[in-house]
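Just so it is clear, none of the values below were taken in a lab; they were calculated from the coordinates. For clarity, every value in this text was computed on a predicted model and none was experimentally measured. Counting neighbours? That spans all protein chains shown, and the Cβs are built from the backbone with ideal geometry, glycine included.
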Amino acid sequence: MRYCNREVDALDIVVGVTGATGIIYAIRLLQALAEFSEVNTHLIMSEWALHNLKTETDYSWEQVRNLAAAIYDNRDLGAKPASGSFMAQGMVIIPCSMKTLSAVANGYADTLIARAADVTLKEQRKLVVCPRETPLNAIQLENMLKLARIGAVIAPLMPAFYNRPRTIDDLIDYQILKVCDQFGLSYTGVSRWPELNGRR
């Protein structure tokens, strides 16, 4: 398990998990955030995310839900994250399907994940979107550009190799590093740019 060191006050972070492949990224993020009692993670998983949990991992739903401070049904548009009065500091959608990307970019808040993202944008809070798709068509690229222009952070699930990863876990952990950075969390145990690590 990697660890995050606190650099900010307590955070309420909404984590939306969609049906795109790569649910292990979401699990690893939840594991990292769960290391800190000051971080309250509010988890929303779509129906297809639950399907992928069974397909792609050996984790049970019980194991995943125990990583979050609160769980919400993606169909419940009356849940706390659907309101701007719920003072979360930000939201991550990881992995983000192209369907959810389109819903958020076009204001079609028909699910709690999309509505929570819409609220995050309208309240001018941090929204980090982690798309998982390849190749990308023009519609998908335009949706990402639209979100970036209104303040969302687009953090695609792309591996880096300058830190010489040795395992799949190293590749996953690097992405968690990038997400944690967006919330002022220092994710340790993962190599950054070689010069920053004192390596030439």
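Only DSSP H runs of four or more residues enter the estimate; each adds -39500 (n - 2.57), and after division by the residues of the chain the mean residue ellipticity at 222 nm equals -10500 deg cm²/dmol. How far apart, in nanometres, would the label points at Gln63 and Asp181 be if each is projected 7 angstrom from Cα along the Cα-to-Cβ direction? Going by the 7 Å Cα→Cβ label model, 2.9 nm. Annotation: lysines with alpha-carbon distance below 28 angstrom to Lys146 (same-chain offsets under eight excluded): Lys80, Lys99, Lys122, Lys126, Lys178. Diffusion coefficient (Stokes-Einstein, Kirkwood radius over C-alpha pairs, 20 °C, 1.002 mPa s) for region 3-197: 128 µm²/s, rounded to a whole number. Report, in degrees rounded to the nearest 10, the 0 to 90 angle that the Cα long axis of helix 138-149 makes with the longest principal axis of the chain. Computed tilt is about 90 degrees.
Taking a ≥ b ≥ c as the square roots of the Cα gyration tensor eigenvalues, with a/c under 1.5 meaning rounded and otherwise prolate when a/b beats b/c, else oblate, which class fits region 17-60? In terms of gyration-tensor shape, prolate. A Förster radius of 22 Å, combined with the Cβ-Cβ distance separating Glu123 from Gln31, puts the computed FRET efficiency at roughly 0.20. When only Cα pairs below 8 angstrom with a gap of at least 6 residues are kept, region 104-172 shows a relative contact order of 30 percent.
Note on Arg192 and Phe86: the extension gain reaches 34.7 nm, defined as 0.36 nm multiplied by sequence separation minus the Cα-Cα distance.
Against the longest principal axis of the chain, how steep is helix 47-56, in degrees 0 to 90 to the nearest 10, with axes from Cα atoms? Taking the Cα atoms of the chain, the angle to 47-56 is about 30 degrees.
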